[in-house]
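The values are calculated or read from the model by the stated rules, or taken from the named source; none is laboratory data. None of the values given here were measured: they were computed from a predicted structure. Note: ideal-geometry Cβ built from the backbone for every residue, glycine included; neighbour counts use all protein chains shown.
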Amino acid sequence: MSPHASPDIDAILDAIRAEARARAARGRIGSYDVLVRAEADVPHGLAQPEAMHVADLLALPLDVFLLTAYRCVLGREPDTAGGAHYQRALLRGQLTRIEMLGRLSLSAEGRRRGRRLPGVLPAFLLATLYRVPVAGPVAALVARLLRLPAHCQDRSILEATALGAGGWMKR
């Protein structure tokens, strides 16, 4: 192909369609990937370290966060319905990551498994308190004044802003 020749648009469109079919075969939720990863598919080419505390999970990209949360709390991969539910709730700002971890930990399956990340319960209780009208903003202010760790502070605005700016897509 000479430097001035136009690219073969049909070949490019065929490649795009083939990629779309491959992604559809893996499963999609709207424009977001369903959280199914092969063991060899690790972010940034590095193996994911074992999360030892709830704060270890909060900085992860959304898809890696969901996958790691299910593995740490429930000891399994996310099922399609559960992964889709939590992914949508996080993307829409209906839940924070702490609230999702708390719900997984306190679910029937999570209680049966009995494997909780340290720091989840107090952070979940505070995150739930932050949702209460009047008391929530007061509790958030007190948490800031006391300089509680980031995982114990109100993260709803921070996460909503990051999601709105597309920060969850950055790896």
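Go through the residues of the stretch 103-116 one by one and say whether even a single one is out of contact with any Asp or Glu (no Cβ under 6 Å at 6 or more places or on another chain) and modelled with pLDDT under 80.
Checking the stretch 103-116: at least one residue is out of contact with any Asp or Glu (no Cβ under 6 Å at 6 or more places or on another chain) and modelled with pLDDT under 80.
Out of the residues in the stretch 108-121 that are in a helix (DSSP H, G or I) and free of Cβ contacts under 8 Å to residues at least 40 places away in the same chain, state the one that is farthest from LEU74 (Cα to Cα).
LEU121
So, LEU141, is that one of a type in the set (A, V, I, L, M, F, W, C), more than 13 Å from SER156 (Cα to Cα) and at pLDDT below 90 or not?
Criteria met by LEU141.
Any chance the stretch 35-52 includes a residue that's at pLDDT below 60, under 14 Å from the mean Cα position of the chain (by Cα) and outside any loop (DSSP other than H, G, I, E, B)?
Checking the stretch 35-52: at least one residue is at pLDDT below 60, under 14 Å from the mean Cα position of the chain (by Cα) and outside any loop (DSSP other than H, G, I, E, B).
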